[in-house]
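First up is the structure itself, then whatever we jot down about it.
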Amino acid sequence: MAATTSFTPGVSAPAPLSSSPPCKAFSKTLGFKLGSSPSSSTTLKPLISRAPANGRPSLSVRMVSLPSVLPTTSLDFETSVFKKEKIALAGHDEYIVRGGRDLFHLLPDAFKGIKQIGVIGWGSQGPAQVQNLRDSLAEAKSDIVVKVIRKGSRSLAEARAAGFTEENGTLGDIWETIAGSNLVLLLISDSAQADNYEKVFSHMKPNSMLGLSHDFLLGHLQSLGLDFPENISVITVCPKGMGPSVRRLYVQGKEVNGAGINSSFAVHQDVDGRATDVALGWSVALGSPFTFATTLEYEYQSDIFGERGILLGAVHGVVESLFRRYTENGMNEDLAYKNTVECITGIISKNISAKGMLAVYNSLSEDGKKEFEIAYSASFYRCMDILYECYEDVASGSEIRSVVLAGRRFFLFQWVKIDQTRIWKVGDLGPLYPFTAGVFVARMMAQIEVLRRKGHSYSEIINESLIESVDSLNPFMHARGVSFMVDNLAVDMGASVNQDLISNFLSDPVHGAIDVCAQLRPTVDISVPPDADFVRPELRQSSS
């Protein structure tokens with residue numbers, strides 16, 4: 001008999017739709033211009049903490065004292081297979097399931113009734129998830145078939161090299177695989193999901209499960225006034241890191257039990273009472289150190305917003321604009337590169353990953369702390385302004401529609417690589433530079449604050465705004481020298497230190513919540529082999 005489970009999100013009424021204009025692509029939206037440049041075409045009204053002539057407090061002064069919004073959705077859940085644990089994050093109770101290889105023996109119970117898992121897609125998440133699932137189920141001595149679709153694909157050779165073949169029944173045609181699977185993991189791109197969901201649904205068996213690792217499809221369906229078919233369960237497991245991180249840390253976890261990438265999970269539809277345990281089993285099989293609950297709506301809103309924020313768009317804009325600021329003020333290009341790209345993706349990310357944001361500030365000299373405070377004070381509210389706009393564009397559906405249309409235009413007008421600016425012509429390892437740290441941490445805290453005010457749980461906030469950034473994306477940017485940076489946000493650097501803002505940063509309850517999350521997994525550096533073919537030559541040479 002299948003395990004009986006339930007998931008009760010208790011979702012409140014959705015917020016009104018935003019009327020703000022669509023959020024541009026991240027590289028165009030979240031640039032951050034520190035200083036002056038004749039090339040800037042767009043500026044935003046400065047949000048400096050000054051008392052206006054009418055005596056009323058400015059926006060930034062008012063926002064310092066605004067209370068955080070409590071989560072509006074209950075994220076409790078029940079499972080009969082795994083142990084649910086209550087944790088307190090910044091005074092809020094949340095529920096998680098710890099992972100680890102010592103739980104793999106529970107996977108057959110979690111996946112009871114499932115004979116075949118079909119993994120659709122071989123992009124970032126696909127190769128990692130299909131291999132992790134296969135290896136975990138094999139260790140659990142399960143006879144579940146994990147099948148990937150690659151026939152006729154350009155990545156067929158990669159799938160075969162990973163051990164998937166027609167002969168052993170683990171490689172097949174897409175529609176045949178979907179029709180024969182009890183659990184279909186749809187890991188193709190957002191735009192491909194938007195274009196193919198009807199055919200996918202039509203091939204799924206009644207009472208089968210659809211698994212997503214990014215809940216863009218729900219947002220797309222909602223924008224059309226639609227929902228998923230009523231005769232299938234819909235679950236999501238979302239690793240808080242890019243696919244290569246998910247696989248590399250899983251492999252690394254063979255020596256360090258618990259090493260891996262955290263995941264969120266949600267149940268949108270449960271037709272037979274098994275969905276929660278299946279979702280949790282999926283997450284444990286991926287190697288997630290801990291799994292926390294969310295909803296599909298919260299996940300796609302925080303994820304798409306996060307990509308336009310600290311995960312991709314913001315960090316790109318910050319380093320490009322800081323590099324220009326430093327060089328225009330006389331710093332040579334090699335040093336400016338070290339003090340921007342290498343500083344953020346290297347030492348700042350490592351310090352935050354191991355010890356949290358406060359450790360970055362506390363490691364500075366007294367003069368360094370003053371420089372940090374100036375940069376933080378000048379940056380925080382400007383970040384809040386544009387991040388609010390981006391979040392509301394995602395929540396309203398405007399950004400969802402933009403992504404779908406951009407994906408369709410790609411085949412006519414392929415996106416160009418923005419890697420020809422001066423910053424990407426130099427590069428080496430770099431130190432902890434206080435001004436860069438102040439700007440980056442302000443951007444990170446602004447994103448945390450937006451998600452907090454929008455009612456997201458602390459687990460989701462910390463993973464989307466901090467852990468995914470410093471444990472997954474930034475280390476790979478450091479290794480690869482990724483560059484997609486364009487800016488359009490001007491900042492007046494004449495502002496003084498906002499002492500209320502700095503005090504709030506130093507005493508923010510998120511730091512304690514970060515400490516709790518850090519204790520839920522071992523501190524393990526991201527597994528980026530120095531001899532990997534994507535690692536920059538200078539880093540390969542320095543490690544030899």
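The values are calculated or read from the model by the stated rules, or taken from the named source; none is laboratory data. Everything numeric in this text was worked out from a predicted model, so none of it was measured. Cβ atoms come from the backbone with ideal geometry, glycine included; neighbour counts cover every protein chain shown. With ligands, DNA and RNA removed, areas are computed over all heavy atoms of the protein, side chains included. Shrake-Rupley method; radii C 1.70, N 1.55, O 1.52, S 1.80 Å.
Condition check ((1) more than 27 Å from H220 (Cβ to Cβ); (2) of a type in the set (A, V, I, L, M); (3) in contact (Cβ under 8 Å) with a residue 60 or more places away in the chain) across all residues:
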position	(1), (2), (3)
V284	yes, yes, yes
S288	no, no, yes
N339	yes, no, yes
C343	yes, no, yes
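Apart from one condition, Q193 fits all of (1) open to solvent by 30 Å² or more (accessible area, probe 1.4 Å); (2) without any contact (Cβ under 8 Å) to a residue 60 or more places away in the chain; the exception is (1). Residues in the range 336-349 that are of a type in the set (V, I, T) and either out of contact with any His (no Cβ under 7 Å at 6 or more places or on another chain) or farther than 12 Å from V318 by Cβ (or both) were compared, and the one that is surrounded by the fewest Cβ atoms within 10 Å (Cβ to Cβ) is I347. In this structure, does I352 turn out to be part of a helix (DSSP H, G or I) and open to solvent by 10 Å² or more (accessible area, probe 1.4 Å)? It is false that I352 is part of a helix (DSSP H, G or I) and open to solvent by 10 Å² or more (accessible area, probe 1.4 Å).
Of the residues in the range 378-402, how many are among the polar types (S, T, N, Q) and either crowded, with 24+ Cβ neighbours inside 10 Å or modelled with pLDDT of 95 or more (or both)? Talk me through it step by step, then tell me what you get.
Here is the first cut: in the range 378-402, the ones among the polar types (S, T, N, Q) are 379, 396, 398, 402.
Subsequent filtering for residues that are either crowded, with 24+ Cβ neighbours inside 10 Å or modelled with pLDDT of 95 or more (or both) retains 379.
Total meeting the criteria: 1.
Among residues of the range 233-269 being part of a helix (DSSP H, G or I) and in contact with a Phe, Trp or Tyr (Cβ under 8 Å, 6 or more places away or on another chain), the one that is surrounded by the most Cβ atoms within 10 Å (Cβ to Cβ) is S245.
Can you tell me which residue is nearest to V516 (Cα to Cα) among those in the range 355-370 that are among the small types (G, A, S) and assigned to a loop (DSSP other than H, G, I, E, B)? Break it down stepwise before answering.
Taking the range 355-370 first, the residues among the small types (G, A, S) are 356, 359, 363, 365, 368.
Then drop every residue that is not assigned to a loop (DSSP other than H, G, I, E, B), which leaves 356, 363, 365.
Working: G356: 11, S363: 21, S365: 27 Å.
Only one residue fits best here, namely G356.
Pairs are defined by a Cβ separation below 6 Å, a sequence spacing of at least 6 or placement on different chains, a first member in the range 100-116 that is open to solvent by 40 Å² or more (accessible area, probe 1.4 Å), and a second member that is outside any loop (DSSP other than H, G, I, E, B); no pair meets this definition.
Name every residue in the range 180-232 that is hydroxyl-bearing (S, T, Y), touching a strand residue (DSSP E or B) at 6+ places or on another chain (Cβ under 9 Å) and part of a helix (DSSP H, G or I), in order of residue number.
Narrowing the range 180-232 to residues hydroxyl-bearing (S, T, Y): 181, 189, 191, 197, 202, 208, 213, 223.
From what is left, the residues that are touching a strand residue (DSSP E or B) at 6+ places or on another chain (Cβ under 9 Å) are 181, 197, 208, 213.
Selection gives Y197 alone.
Suppose we filter the range 297-324 for residues that are out of contact with any Ser or Thr (no Cβ under 6 Å at 6 or more places or on another chain), closer than 24 Å to S189 by Cβ and among the aliphatic types (A, V, I, L, M); how many remain? Number of matching residues: 4. A residue that is of a type in the set (D, E) and over 21 Å from P434 (Cβ atoms) occurs somewhere in the range 281-300. Take the conditions (1) over 23 Å from N132 (Cβ atoms); (2) surrounded by 14 or more Cβ atoms within 10 Å (Cβ to Cβ); G225 misses just one of them, which is (2). Considering each residue of the range 286-295 in turn, at least one proves to be open to solvent by 10 Å² or more (accessible area, probe 1.4 Å), at pLDDT 80 or above, small (G, A, S) and closer than 29 Å to K112 by Cβ. Residues in the range 301-331 that are hydroxyl-bearing (S, T, Y) and either outside any helix (DSSP H, G or I) or open to solvent by less than 10 Å² (accessible area, probe 1.4 Å) (or both) were compared, and the one that is modelled with the lowest pLDDT is S321.
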